[in-house]
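The values are calculated or read from the model by the stated rules, or taken from the named source; none is laboratory data. Source: prediction; values computed, not measured. Note that we place each Cβ from the backbone using ideal geometry, even for glycine, and neighbour counts take in every protein chain shown.
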Amino acid sequence: MKVWYRIPEECDESFYDIEIPDPSDLMRPIEQDWIVKECAEHYYQSCDGWESSWPLVISLHITEHGEEIARFDVEMDFDPVFYASRVVIDNE
């Protein structure tokens, strides 16, 4: 099933689409929650979302340019991981 979404704060006119597994019901709030997370990941990885300032508002639509079904404020959890290795200095 194809789901359309947009990021109103970034570009109100641009719609993006993703395929989600069937059967899914975009009208059910419990499914909207995981669907919008899939949209956020798609936007981040495939639509230059890594350049955006999160959190973002994402709206879900059944069709491109169709009526808005739901709107979510989506935050991105970013936990940096640091690695260190000793650098040998000549006088050691």
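Taking the criterion of being in contact (Cβ under 8 Å) with a residue 40 or more places away in the chain, of a type in the set (A, V, I, L, M, F, W, C) and not in a strand (DSSP E or B), would at least one residue in segment 25-42 satisfy it?
Of segment 25-42, the ones in contact (Cβ under 8 Å) with a residue 40 or more places away in the chain are 26-27, 29, 32.
Within this subset, residues satisfying the condition of being of a type in the set (A, V, I, L, M, F, W, C) are 26-27.
Then keep just the ones that are not in a strand (DSSP E or B); that gives 26-27.
Checking segment 25-42: at least one residue is in contact (Cβ under 8 Å) with a residue 40 or more places away in the chain, of a type in the set (A, V, I, L, M, F, W, C) and not in a strand (DSSP E or B).
Among residues belonging to segment 3-12 that are in contact with a strand residue (DSSP E or B) (Cβ under 8 Å, 6 or more places away or on another chain), in a loop (DSSP other than H, G, I, E, B) and not aliphatic (A, V, I, L, M), point out the one that is surrounded by the most Cβ atoms within 10 Å (Cβ to Cβ).
Within segment 3-12, the first condition is being in contact with a strand residue (DSSP E or B) (Cβ under 8 Å, 6 or more places away or on another chain), and the residues that meet it are 3-10, 12.
Applying the additional criterion that residues be in a loop (DSSP other than H, G, I, E, B) yields 7-10, 12.
From the residues that got through so far, the ones that are not aliphatic (A, V, I, L, M) too are 8-10, 12.
Working: Pro8: 14, Glu9: 12, Glu10: 17, Asp12: 10.
This residue is Glu10.
May I ask you to list the residues in segment 15-40 that are under 19 Å from Met76 (Cβ atoms) and surrounded by fewer than 14 Cβ atoms within 10 Å (Cβ to Cβ)? Break it down into steps so the answer makes sense when it comes.
Step one: list which residues in segment 15-40 are under 19 Å from Met76 (Cβ atoms), which gives 16, 18, 32-40.
Correct list: Asp33, Trp34, Lys37.
In the list Val3, Val57, which residue meets the criterion of being within 10 Å of the chain's Cα centre (by Cα) and either touching a residue at least 24 places away in the same chain (Cβ under 8 Å) or farther than 16 Å from Phe72 by Cβ (or both)? Walk me through how you get there before you give the answer.
On the way: Val3 fails: within 10 Å of the chain's Cα centre (by Cα).
Being within 10 Å of the chain's Cα centre (by Cα) and either touching a residue at least 24 places away in the same chain (Cβ under 8 Å) or farther than 16 Å from Phe72 by Cβ (or both) holds for just one of Val3, Val57, which is Val57.
Here's the yes/no breakdown for (1) outside any loop (DSSP other than H, G, I, E, B); (2) loosely packed, with under 10 Cβ neighbours inside 10 Å; (3) of a type in the set (A, V, I, L, M); (4) in contact with a Gly (Cβ under 7 Å, 6 or more places away or on another chain):
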residue: Ser53; (1), (2), (3), (4): no, yes, no, no
residue: Val57; (1), (2), (3), (4): yes, no, yes, no
residue: Ala70; (1), (2), (3), (4): yes, no, yes, no
residue: Met76; (1), (2), (3), (4): no, no, yes, no
residue: Asp79; (1), (2), (3), (4): no, yes, no, no
residue: Tyr83; (1), (2), (3), (4): no, yes, no, no
residue: Arg86; (1), (2), (3), (4): no, yes, no, no
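Could you identify the single residue in Glu19, Glu41, Glu67 that is modelled with pLDDT of 90 or more and under 11 Å from the mean Cα position of the chain (by Cα)? Lay out the reasoning, then the answer.
Values: Glu19 fails: under 11 Å from the mean Cα position of the chain (by Cα); Glu67 fails: under 11 Å from the mean Cα position of the chain (by Cα).
Result: Glu41 is the single residue among Glu19, Glu41, Glu67 that is modelled with pLDDT of 90 or more and under 11 Å from the mean Cα position of the chain (by Cα).
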